[in-house]
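Visitor: Next up is a structure, given as C-alpha coordinates.
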Amino acid sequence: GALQDYVFNFDGTNSFLTIPNSTDFDYGTGDFTWSFWLNVNSHVNFAGLFYFASVGAPYRLKIQTDSTIFLDAGNNDVQISDLGSGLAGSGWHSLIFVRNSGTIITYLDGSQVDSVSYSHALNSGGNDLIIGDNAGQYFNGSFSNISIWNAALTSSQVTEIYNSGKPANLNNHSAYSNLVSWWQ
(Lines give C-alpha, C1' and ligand atoms only; values in the text may rest on other atoms or scores of the structure.)
Protein backbone atom coordinates (compact mmCIF):
# COMPACT_ATOMS: atom_id res chain seq x y z
CA GLY A 1 0.00 0.00 0.00
CA ALA A 2 1.05 3.57 -0.56
CA LEU A 3 1.34 5.89 2.41
CA GLN A 4 -0.05 9.38 1.89
CA ASP A 5 -0.91 11.83 4.67
CA TYR A 6 -1.34 9.17 7.41
CA VAL A 7 -3.35 6.91 5.09
CA PHE A 8 -2.40 3.53 3.59
CA ASN A 9 -4.06 3.21 0.16
CA PHE A 10 -4.69 -0.22 -1.34
CA ASP A 11 -5.75 -0.63 -4.99
CA GLY A 12 -7.50 -4.01 -4.70
CA THR A 13 -5.22 -5.69 -7.24
CA ASN A 14 -1.81 -6.32 -5.71
CA SER A 15 -1.09 -3.92 -2.87
CA PHE A 16 -0.58 -4.80 0.77
CA LEU A 17 1.53 -3.86 3.77
CA THR A 18 3.92 -6.30 5.45
CA ILE A 19 4.73 -5.89 9.14
CA PRO A 20 7.62 -8.05 10.47
CA ASN A 21 6.49 -10.75 12.89
CA SER A 22 6.36 -9.98 16.58
CA THR A 23 5.31 -12.06 19.57
CA ASP A 24 2.98 -9.10 20.28
CA PHE A 25 0.65 -10.77 17.73
CA ASP A 26 0.52 -14.05 19.68
CA TYR A 27 -2.54 -13.82 21.94
CA GLY A 28 -3.27 -17.48 22.53
CA THR A 29 -6.74 -17.41 24.05
CA GLY A 30 -6.04 -14.06 25.73
CA ASP A 31 -7.52 -10.62 25.31
CA PHE A 32 -6.63 -8.12 22.59
CA THR A 33 -7.95 -5.07 20.75
CA TRP A 34 -7.52 -4.23 17.06
CA SER A 35 -8.49 -0.76 15.92
CA PHE A 36 -8.35 1.01 12.56
CA TRP A 37 -10.14 3.52 10.38
CA LEU A 38 -11.31 2.04 7.09
CA ASN A 39 -12.52 3.59 3.84
CA VAL A 40 -13.77 0.92 1.40
CA ASN A 41 -13.65 1.92 -2.29
CA SER A 42 -15.20 -1.32 -3.54
CA HIS A 43 -15.67 -4.73 -1.97
CA VAL A 44 -13.53 -7.70 -2.89
CA ASN A 45 -14.99 -10.89 -1.41
CA PHE A 46 -12.86 -12.25 1.45
CA ALA A 47 -10.46 -9.30 1.20
CA GLY A 48 -7.80 -9.45 3.86
CA LEU A 49 -7.69 -6.99 6.71
CA PHE A 50 -5.15 -8.74 8.99
CA TYR A 51 -3.49 -11.92 7.70
CA PHE A 52 -0.53 -14.06 8.76
CA ALA A 53 1.36 -15.45 5.75
CA SER A 54 0.21 -18.46 3.73
CA VAL A 55 -3.12 -20.21 3.10
CA GLY A 56 -4.21 -21.99 6.26
CA ALA A 57 -2.36 -19.33 8.21
CA PRO A 58 -2.55 -19.26 11.99
CA TYR A 59 -5.20 -16.52 11.81
CA ARG A 60 -6.72 -13.92 9.56
CA LEU A 61 -9.42 -11.27 9.62
CA LYS A 62 -11.33 -10.79 6.37
CA ILE A 63 -14.28 -8.80 5.06
CA GLN A 64 -16.83 -10.06 2.54
CA THR A 65 -18.77 -8.12 -0.11
CA ASP A 66 -21.82 -7.98 2.18
CA SER A 67 -19.73 -6.32 4.93
CA THR A 68 -19.65 -9.38 7.15
CA ILE A 69 -16.34 -9.92 8.92
CA PHE A 70 -14.86 -13.35 9.52
CA LEU A 71 -12.03 -14.39 11.84
CA ASP A 72 -10.29 -17.60 10.83
CA ALA A 73 -7.92 -19.38 13.20
CA GLY A 74 -6.86 -22.58 11.45
CA ASN A 75 -10.12 -24.35 10.59
CA ASN A 76 -12.23 -22.19 12.91
CA ASP A 77 -13.71 -19.73 10.41
CA VAL A 78 -16.37 -17.76 12.28
CA GLN A 79 -18.42 -14.73 11.32
CA ILE A 80 -17.69 -12.28 14.12
CA SER A 81 -19.73 -9.36 12.82
CA ASP A 82 -22.25 -8.17 10.29
CA LEU A 83 -21.75 -4.48 9.59
CA GLY A 84 -25.11 -4.23 7.83
CA SER A 85 -25.21 -2.71 4.38
CA GLY A 86 -21.99 -2.58 2.38
CA LEU A 87 -19.37 -0.08 3.47
CA ALA A 88 -18.17 0.60 -0.08
CA GLY A 89 -18.36 4.26 -1.01
CA SER A 90 -19.66 5.35 2.39
CA GLY A 91 -16.49 7.12 3.58
CA TRP A 92 -14.37 6.57 6.64
CA HIS A 93 -15.47 4.24 9.45
CA SER A 94 -13.91 3.33 12.77
CA LEU A 95 -13.71 -0.45 13.21
CA ILE A 96 -12.60 -1.86 16.58
CA PHE A 97 -12.47 -5.52 17.61
CA VAL A 98 -12.09 -6.36 21.30
CA ARG A 99 -11.67 -9.90 22.64
CA ASN A 100 -12.52 -9.97 26.32
CA SER A 101 -12.61 -13.35 28.11
CA GLY A 102 -13.35 -15.35 24.93
CA THR A 103 -15.90 -12.96 23.44
CA ILE A 104 -15.15 -10.71 20.47
CA ILE A 105 -17.07 -7.45 20.47
CA THR A 106 -17.18 -5.43 17.24
CA TYR A 107 -17.61 -1.66 17.32
CA LEU A 108 -18.49 0.29 14.18
CA ASP A 109 -18.13 4.06 14.49
CA GLY A 110 -18.04 3.82 18.27
CA SER A 111 -21.18 1.68 18.67
CA GLN A 112 -21.24 -2.03 19.46
CA VAL A 113 -22.69 -3.97 16.50
CA ASP A 114 -21.88 -7.57 17.44
CA SER A 115 -20.68 -9.83 20.24
CA VAL A 116 -19.61 -13.40 19.40
CA SER A 117 -17.99 -16.15 21.45
CA TYR A 118 -14.55 -16.88 19.96
CA SER A 119 -12.05 -18.54 22.28
CA HIS A 120 -9.80 -20.15 19.63
CA ALA A 121 -6.09 -19.53 20.14
CA LEU A 122 -4.62 -16.81 17.94
CA ASN A 123 -0.89 -17.15 17.32
CA SER A 124 1.10 -15.82 14.37
CA GLY A 125 3.19 -18.96 13.89
CA GLY A 126 6.19 -16.71 13.35
CA ASN A 127 4.66 -15.28 10.17
CA ASP A 128 4.66 -11.62 9.20
CA LEU A 129 1.45 -9.61 9.55
CA ILE A 130 -0.01 -8.78 6.13
CA ILE A 131 -2.48 -5.90 5.99
CA GLY A 132 -4.73 -5.58 2.93
CA ASP A 133 -4.36 -9.09 1.48
CA ASN A 134 -5.81 -12.55 2.11
CA ALA A 135 -3.90 -14.96 -0.17
CA GLY A 136 -4.66 -12.90 -3.29
CA GLN A 137 -7.94 -11.37 -2.14
CA TYR A 138 -6.75 -7.76 -1.95
CA PHE A 139 -8.48 -4.98 -0.06
CA ASN A 140 -9.61 -2.00 -2.19
CA GLY A 141 -9.63 1.16 -0.11
CA SER A 142 -7.67 2.86 2.65
CA PHE A 143 -6.60 2.20 6.23
CA SER A 144 -5.57 4.78 8.79
CA ASN A 145 -4.38 4.68 12.38
CA ILE A 146 -3.99 0.90 12.66
CA SER A 147 -3.44 0.04 16.32
CA ILE A 148 -3.06 -3.19 18.24
CA TRP A 149 -3.32 -3.72 22.00
CA ASN A 150 -2.54 -6.85 24.02
CA ALA A 151 -5.51 -6.12 26.28
CA ALA A 152 -9.27 -5.70 25.98
CA LEU A 153 -10.18 -2.03 25.85
CA THR A 154 -13.29 -0.96 27.73
CA SER A 155 -16.30 0.49 25.93
CA SER A 156 -15.37 3.94 27.27
CA GLN A 157 -11.85 3.57 25.81
CA VAL A 158 -13.38 2.54 22.46
CA THR A 159 -15.55 5.67 22.62
CA GLU A 160 -12.43 7.71 23.41
CA ILE A 161 -10.71 6.38 20.25
CA TYR A 162 -13.76 7.05 18.08
CA ASN A 163 -14.39 10.54 19.46
CA SER A 164 -10.77 11.58 18.97
CA GLY A 165 -11.24 11.25 15.21
CA LYS A 166 -8.78 10.30 12.52
CA PRO A 167 -5.90 10.09 12.85
CA ALA A 168 -5.80 10.22 16.62
CA ASN A 169 -2.77 10.73 18.82
CA LEU A 170 -2.75 7.53 20.84
CA ASN A 171 0.13 8.79 23.01
CA ASN A 172 -2.54 10.57 25.04
CA HIS A 173 -5.00 7.65 25.14
CA SER A 174 -5.98 6.13 28.49
CA ALA A 175 -4.92 2.66 27.29
CA TYR A 176 -1.53 3.78 25.92
CA SER A 177 0.39 1.46 28.28
CA ASN A 178 -1.11 -1.65 26.60
CA LEU A 179 -0.54 -0.38 23.04
CA VAL A 180 1.92 -2.75 21.32
CA SER A 181 1.77 -1.56 17.69
CA TRP A 182 0.55 1.61 16.02
CA TRP A 183 0.82 2.70 12.40
CA GLN A 184 -0.52 6.18 11.84
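Visitor: Quantify, in whole percent, the carbon and sulfur part of the accessible surface of segment 27-111 (1.4 Å probe; protein heavy atoms only).
Guide: Carbon-and-sulfur percentage of accessible area, whole number: 46.
Visitor: Can you pull the one-decimal nm distance between simple spin-label points at S155 and N76, each 7 Å off the Cα toward Cβ?
Guide: Output for this residue pair reads 2.5 nm.
Visitor: Another question, then. Using a 1.4 Å probe, how large is the accessible area of I161, given in Å² and rounded to the nearest 10?
Guide: Per-residue accessible area (I161): approximately 10 Å².
Visitor: May I pose another question? By accessible area of protein heavy atoms, probe 1.4 Å, what ranking do W92, W34 get, highest first?
Guide: W92, W34
Visitor: Given axes a ≥ b ≥ c from the Cα gyration tensor, I'd like to know whether segment 100-170 is rounded (a/c under 1.5), prolate (a/b larger than b/c) or oblate.
Guide: Oblate.
Visitor: Using a/c under 1.5 as the rounded threshold, could you call segment 63-146 rounded, prolate or oblate? The axes a ≥ b ≥ c are square roots of the C-alpha gyration tensor eigenvalues, and prolate needs a/b larger than b/c, oblate otherwise.
Guide: oblate
Visitor: Heavy atoms only, 1.4 Å probe, whole protein assembly: order R60, R99 by accessible area, highest first.
Guide: R60, R99
The values are calculated or read from the model by the stated rules, or taken from the named source; none is laboratory data. Bear in mind the structure is a predicted one, so any value in this text is a computation, not a measurement. Methodologically, a virtual Cβ is constructed for each residue, glycine included, from the backbone with ideal geometry; neighbour enumeration extends over all protein chains shown. Side chains are part of the model used for accessible areas, which takes the heavy atoms of the whole protein and leaves out ligands, DNA and RNA. Shrake-Rupley method; radii C 1.70, N 1.55, O 1.52, S 1.80 Å.
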